[in-house]
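Chemist: Supplied in structure tokens, the structure appears directly below.
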Amino acid sequence: MSKTPATRTTRTRKKTPMTPGLPDQVAQAVAAAAGRKAMDLIVLDLRKSQAFTDFFLICTGATTRQVQAIADAVQSALGTHGIKPTIVEGEIRAEWVLLDYFDFIVHVFTPATREFYGLERLWGDAERIEIPA
């Protein structure tokens, strides 16, 4: 008589990026972008500068299709909480999609467009919050 080992069922949780100290809405946007495999996620804390918003979430999609998917995921995730962007720019070409949520702005770039505009350089005095992959 042989005994079969008991099988354990384990649940795997989706990894969500660490977002210490970020407002919930920004953290939700980060998680949504990461869920669509956005690359090089970074949050710029602009509260100490003379900026028109508190945070930038900047990320990259490998293709225009992925850029659109990331932007759609962010809008969907925040939309479930009744949060809608005041302005959406660039959805048609999808080289750079901008989602303005007033207190924070989400920038989703293709690699070449992100390098060309260099928002991280333009806002070099802002505190950088790196989001682990």
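Yes/no per residue for (1) assigned to a helix (DSSP H, G or I); (2) over 11 Å from the mean Cα position of the chain (by Cα):
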residue: L44; (1), (2): no, yes
residue: F52; (1), (2): no, yes
residue: I58; (1), (2): no, no
residue: R65; (1), (2): yes, yes
residue: I70; (1), (2): yes, no
residue: Q75; (1), (2): yes, no
residue: P85; (1), (2): no, yes
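Chemist: Right, next: Specify the residue that is surrounded by the most Cβ atoms within 10 Å (Cβ to Cβ); the eligible residues are those in region 76-86 that are touching a helix residue (DSSP H, G or I) at 6+ places or on another chain (Cβ under 8 Å) and not small (G, A, S).
Modeler: Within region 76-86, the match that is surrounded by the most Cβ atoms within 10 Å (Cβ to Cβ) is L78.
Chemist: For region 87-113, which positions are surrounded by fewer than 18 Cβ atoms within 10 Å (Cβ to Cβ), under 23 Å from D24 (Cα atoms), of a type in the set (A, V, I, L, M) and out of contact with any helix residue (DSSP H, G or I) (no Cβ under 8 Å at 6 or more places or on another chain)?
Modeler: I87, L98, listed by residue number.
Chemist: What number of residues within region 114-132 are in contact with a helix residue (DSSP H, G or I) (Cβ under 8 Å, 6 or more places away or on another chain) and either of a type in the set (V, I, T) or not in a strand (DSSP E or B) (or both)?
Modeler: Qualifying residue count for the region: 1.
Chemist: Okay, moving on. Given the criterion on the phi < 0 side of the Ramachandran plot, loosely packed, with under 13 Cβ neighbours inside 10 Å and modelled with pLDDT of 95 or more, identify the matching residue among R13, R8, R65.
Modeler: Exactly one residue qualifies, and that residue is R65.
Chemist: From V97, V106, grab the single residue that is in contact with a strand residue (DSSP E or B) (Cβ under 7 Å, 6 or more places away or on another chain) and within 20 Å of P23 (Cα to Cα).
Modeler: After ruling out the rest, the residue left standing is V106.
The values are calculated or read from the model by the stated rules, or taken from the named source; none is laboratory data. These figures come from a predicted structure and were not determined experimentally. Quick reminder, even Gly has a Cβ in these numbers, built from the backbone with ideal geometry, and neighbours come from all protein chains shown.
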